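Report on the structure given below.
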Amino acid sequence: MNTFMLALHSLLRWGILILLVVSIIKSFSAWQNKKVFTKGDRKLWLFTLIFAHTNLLVGLYLLLFGRFGIISTGLPEGVKLMKDRFFRFYWVEHPTGLILAIILITLGYGMSKKTVNDEIKFKKAFYFFLIALIFILATVPWPFREIVGRPWVPTM
């Protein structure tokens, strides 16, 4: 079960990244070209939100009950959380950074519901999505990261 959830969590990451990059490009383009907000824009932002929130739920499950979960594992004897790079990353940095990113994605999607000028809608959404992307890129366990790295494509 944990292997499946970890693979799902990793695969959803790619979906979020793709949807987020497309959302950023579309919002920037629409903002600069003063385009009208469409149902297609709202659906794109909605799918970005759904992928992010689904990944949040899977990630919270892994944080609590995964192979190195807080409840299922606990800290090994003699390990101090903030001094151990592995546990600090997976129990503190990764969840915090990605929860902040998901909040920003939610705020970006929330712009689709506001009754403001379309230019402002696209501009604010662009910034929310861009900052969320930066948080995601900074806190994902990429393969080149020492100690915490995970493969590019998960295996089951």
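A compact table of results
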| read-out | value |
| --- | --- |
| Selection from segment 19-40 of residues that are touching an Asp or Glu at 6+ places or on another chain (Cβ under 9 Å) and not polar (S, T, N, Q) | Lys26, Ala30, Trp31, Lys34, Lys35, Val36, Phe37 |
| Any hit, segment 76-88, residues being within 30 Å of Met1 (Cβ to Cβ) and of a type in the set (Phe, Trp, Tyr) | yes |
| All positions within segment 57-67 that are touching a residue at least 40 places away in the same chain (Cβ under 8 Å), surrounded by 13 or more Cβ atoms within 10 Å (Cβ to Cβ) and either basic (Lys, Arg) or in a helix (DSSP H, G or I) (or both) | Val58, Gly59, Tyr61, Leu62, Phe65 |
| Contacts under 9 angstrom Cβ, first residue in segment 24-53 being polar (S, T, N, Q), partner part of a loop (DSSP other than H, G, I, E, B), 6 or more apart | Ser29/Lys35 |
| Count - residues of segment 1-23 that are more than 14 Å from the chain's Cα centre (by Cα) and part of a helix (DSSP H, G or I) | 7 |
| Condition met for Leu46 (modelled with pLDDT of 95 or more and not charged (D, E, K, R)) | yes |
| Per-region count, segment 126-140, residues surrounded by 18 or more Cβ atoms within 10 Å (Cβ to Cβ) and either of a type in the set (Lys, Arg) or over 30 Å from Lys35 (Cβ atoms) (or both) | 2 |
| Selection from segment 86-98 of residues that are surrounded by 15 or more Cβ atoms within 10 Å (Cβ to Cβ) and of a type outside the set (Ser, Thr, Tyr) | Phe87, Arg88, Phe89, Trp91, Glu93, His94, Pro95, Gly97, Leu98 |
| Leading residue by the ranking (farthest from Gly149 (Cα to Cα)) among those in segment 68-98 that are aliphatic (A, V, I, L, M) and part of a loop (DSSP other than H, G, I, E, B) | Ile71 |
| Of all residues making up segment 38-55, the number that are crowded, with 20+ Cβ neighbours inside 10 Å and either in a loop (DSSP other than H, G, I, E, B) or not β-branched (Val, Ile, Thr) (or both) | 6 |
| Matching residues, segment 2-16, being basic (Lys, Arg) and surrounded by fewer than 18 Cβ atoms within 10 Å (Cβ to Cβ) | none |
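The values are calculated or read from the model by the stated rules, or taken from the named source; none is laboratory data. This structure is a prediction, so every number in the text was calculated from the model and none was measured. Because the Cβ atoms are built from the backbone with ideal geometry, glycine has one as well, and the counts that use them run over all protein chains shown.
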